[in-house]
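A short worksheet on the structure shown next.
The values are calculated or read from the model by the stated rules, or taken from the named source; none is laboratory data. Owing to the predicted nature of the structure, the values given are computational and were not obtained by experimental measurement. As a convention, Cβ positions derive from the backbone with ideal geometry for all residues, glycine included, and neighbour counts pool all protein chains shown.
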Amino acid sequence: VTAGHALLALDVGWGTTLALKTIIVLALVPAGALILGYTFLLKVMSHMQSRLGPMDPGGFHGWYQLVGDGLKFLQKEDIMPTKADRRVFAIAPAVVVISTFLVFLVIPAGPDLVVKHLDVGVFYALAVSSLSVVGVLMAGWASANKFALLGALRAAAQLIAYELPLLLAVVGVVIQAGTMSLQGIVLGQQNGAIFGWDGLGQPYILTQFVGFALFLVAAQAELTQTPFDMPVAESELVAGYMVEYTGFRFLFFFIGEFGTAFAFAALAATLFLGGYAIPGVTGTWANILGPFVLFAKLMLVAFLMFWVRFTYPRLREDQLQAVAWKFLIPIGLANILLTGLFKVAF
Amino acid sequence: VAPKLHKPKLPGLIGGLGVTLKTMLKPAVTVQYPHEKEDPAPRARGVIALKEENCTVCMLCARSCPDWCIYIEGHKEKRPPRREGGRERTVSVLDRFDIDYALCMYCGICVEVCPFDALFWSPEFEYSESNIARLLHDKVKLGEWMETVPTPEPLEIGAEVKGKK
């Protein structure tokens with residue numbers, strides 16, 4: 001801990017440290033949402049559809065487009081339906097966003113660059129990320145709109161169904177690393193070896209590839225992204241639970257969606273791709289390079305997630321449930337069983 | 001009998017990912033219009049040009065226009081006879097030929113129907129105006145468009161040639 005603090009000249013008492021950490025986390029979620037939204041939603045998707053996307057705002061490839069959109073949302077009228085449950089309606093977007101903020105508390109960006117080192121880091125991250133269901137249900141119920149309610153119920157059914165494969169996918173990693181701490185998992189990958197050769201460490205994607213695939217599919221469903229976007233299916237439900245939201249509350253949902261994508265990508269990068277660690281870098285340099293390495297790996301994972309999003313059409317509601325209960329969960333259980341057997345055998 | 005598949009197909013889900021990835025790596029087809037311009041096809045229907053000397057004020061174009069966007073006025077004049085002792089000739093003179101591009105729907109019937117080759121398509125398309133009244137092009141302006149009319153492409157080999165040789 002001291003190395004990191006000395007490095008960043010942050011050895012200034014817990015109050016200032018806390019304030020700084022709070023500011024960083026508060027800035028991270030909107031920044032991550034902007035980065036992912038711009039890179040993938042505006043640019044990668046456009047090019048996958050053989051067009052350019054916004055090119056003029058800000059001068060360089062339309063980088064300012066999303067910032068401008070955000071500012072536009074802020075000046076919109078704040079509309080609330082007459083029959084809405086006013087207090088719940090107002091709080092719901094905040095609940096969604098807060099669950100995203102909380103995930104970032106445990107994701108390490110360097111040996112010392114972590115807001116809070118938790119021994120049950122993975123467990124905590126998955127637990128708080130599923131809090132967003134509550135916000136979604138609140139939004140759908142409080143809107144006093146049948147489309148919003150249908151969307152919220154679909155979201156609840158979907159998020160609960162896909163929480164399980166997500167968890168089962170992570171259990172394989174936890175068994176292999178022997179710890180639930182995200183720092184411990186990163187160290188386990190950094191200090192591991194591939195058949196005795198330790199040049200690359202041992203990213204768990206090599207042994208837990210099934211887990212990685214499961215994690216990506218389940219994360220896709222958790223984010224309600226295509227092909228699992230029934231809760232916000234515009235052709236069926238207009239915009240699902242978001243249908244009555246305008247202005248900055250809608251902006252909260254948008255930030256929540258892409259901020260959560262950022263969080264899940266960071267989580268996947270940490271669990272399966274070695275997190276902030278790169279071979280041969282330790283100590284102070286790991287603290288300096290860590291955030292950039294993590295960001296690069298995170299963008300790689302995010303590309304996979306958004307690539308799928310921009311390619312596939314939407315599944316049907318019953319197909320969605322069937323995929324989770326009939327395929328992903330059995331595969332996840334088998335993966336855990338095999339991982340356990342190998343862990344005991346070797 | 002079902003046709004035999006000769007080579008095993010890639011599962012559609014993976015093939016789909018390949019399609020989007022390939023499209024992403026190819027350059028986009030978008031043309032950034034105000035900054036860069038696309039060459040319209042030579043036969044594009046941009047604007048209608050008028051070759052005034054060919055017009056006989058027969059009104060066929062104005063009558064066939066579905067939008068009533070062509071305004072024609074003319075009068076008759078006497079011209080001296082061609083031969084000594086002949087009768088005076090009567091010719092129609094075009095006073096006004098306006099096309100209101102705020103009404104025109106670019107169907108091209110006027111160009112098709114003109115028996116004297118007085119109307120032509122030009123691929124020029126950049127004549128938008130901030131004032132709708134200025135979309136009424138008079139015969140001078142319509143005549144100026146003649147400069148932008150491309151020479152027609154040569155006929156296909158073996159095509160029937162109509163008109164005078």
If a residue has to be farther than 27 Å from A:K72 by Cα and more than 22 Å from the chain's Cα centre (by Cα) to count, how many in the range A:244-302 make the cut? 10
Quick check on B:K78: is it modelled with pLDDT of 90 or more and either within 14 Å of another protein chain (Cβ to nearest Cβ) or loosely packed, with under 11 Cβ neighbours inside 10 Å (or both)? yes
Given the structure, is B:D95 on the phi > 0 side of the Ramachandran plot, acidic (D, E) and in contact (Cβ under 8 Å) with a residue 12 or more places away in the chain? no
Filter result for the condition that a residue is without any contact (Cβ under 8 Å) to a residue 40 or more places away in the chain, closer than 19 Å to A:L298 by Cβ and either away from chain B (no Cβ under 14 Å) or touching a Pro at 6+ places or on another chain (Cβ under 7 Å) (or both), over A:V134, A:V103, A:V128: A:V128
If A:P313 satisfies all but one of (1) surrounded by fewer than 24 Cβ atoms within 10 Å (Cβ to Cβ); (2) assigned to a helix (DSSP H, G or I), what's the number of the condition it fails? (2)
So how many residues does the range B:57-79 have that are of a type outside the set (G, A, S) and not in a strand (DSSP E or B)? 11
If we keep just the residues of the range A:22-67 that are assigned to a loop (DSSP other than H, G, I, E, B) and away from chain B (no Cβ under 14 Å), which is farthest from B:V19 (Cα to Cα)? A:G58
What residue, of A:K72, A:K76, is at pLDDT 85 or above, exposed (fewer than 14 other Cβ atoms within 10 Å of the Cβ) and not in a helix (DSSP H, G or I)? A:K76
Suppose the filter is buried (at least 20 other Cβ atoms within 10 Å of the Cβ), touching a residue at least 24 places away in the same chain (Cβ under 8 Å), away from chain B (no Cβ under 14 Å) and part of a helix (DSSP H, G or I); does A:L251 pass it? yes
Somewhere in the range A:254-270, is a residue closer than 29 Å to B:L17 by Cα, touching a residue at least 40 places away in the same chain (Cβ under 8 Å), aromatic (F, W, Y) and in contact with an Asp or Glu (Cβ under 8 Å, 6 or more places away or on another chain)? yes
So which residues in the range A:256-300 are among the β-branched types (V, I, T) and crowded, with 24+ Cβ neighbours inside 10 Å? A:T260, A:T270
Filter the range B:114-165 for residues that are touching a Pro at 6+ places or on another chain (Cβ under 8 Å) and among the hydrophobic types (A, V, I, L, M, F, W, C) and give the result. B:F125
If the Cβ limit is 7 Å and pairs must be 6+ apart or interchain, which residue in the range B:32-56 that is surrounded by 10 or more Cβ atoms within 10 Å (Cβ to Cβ) and assigned to a strand (DSSP E or B) pairs with which residue that is acidic (D, E) and at pLDDT 85 or above? B:V47/B:E124
By residue number, the members of the range B:98-113 that are without any contact (Cβ under 8 Å) to a residue 40 or more places away in the chain and either assigned to a strand (DSSP E or B) or touching a Lys or Arg at 6+ places or on another chain (Cβ under 8 Å) (or both) are B:D100
Of the conditions (1) aliphatic (A, V, I, L, M); (2) within 14 Å of another protein chain (Cβ to nearest Cβ); (3) assigned to a helix (DSSP H, G or I); (4) over 15 Å from B:L21 (Cα atoms), A:L304 clears all except one; give me its number. (4)
Quick check on the range B:18-31: of everything there that is of a type in the set (V, I, T) and part of a loop (DSSP other than H, G, I, E, B), which residue is farthest from the other protein chains (Cβ to nearest Cβ)? B:V31
So A:V217 clears everything in (1) in contact with a helix residue (DSSP H, G or I) (Cβ under 6 Å, 6 or more places away or on another chain); (2) part of a helix (DSSP H, G or I); (3) in contact (Cβ under 8 Å) with a residue 60 or more places away in the chain except one condition, right? Which one? (1)
Only one of these conditions is not met by A:T311: (1) more than 14 Å from every other protein chain (Cβ to nearest Cβ); (2) under 23 Å from the mean Cα position of the chain (by Cα); (3) among the hydroxyl-bearing types (S, T, Y). Which number is it? (1)
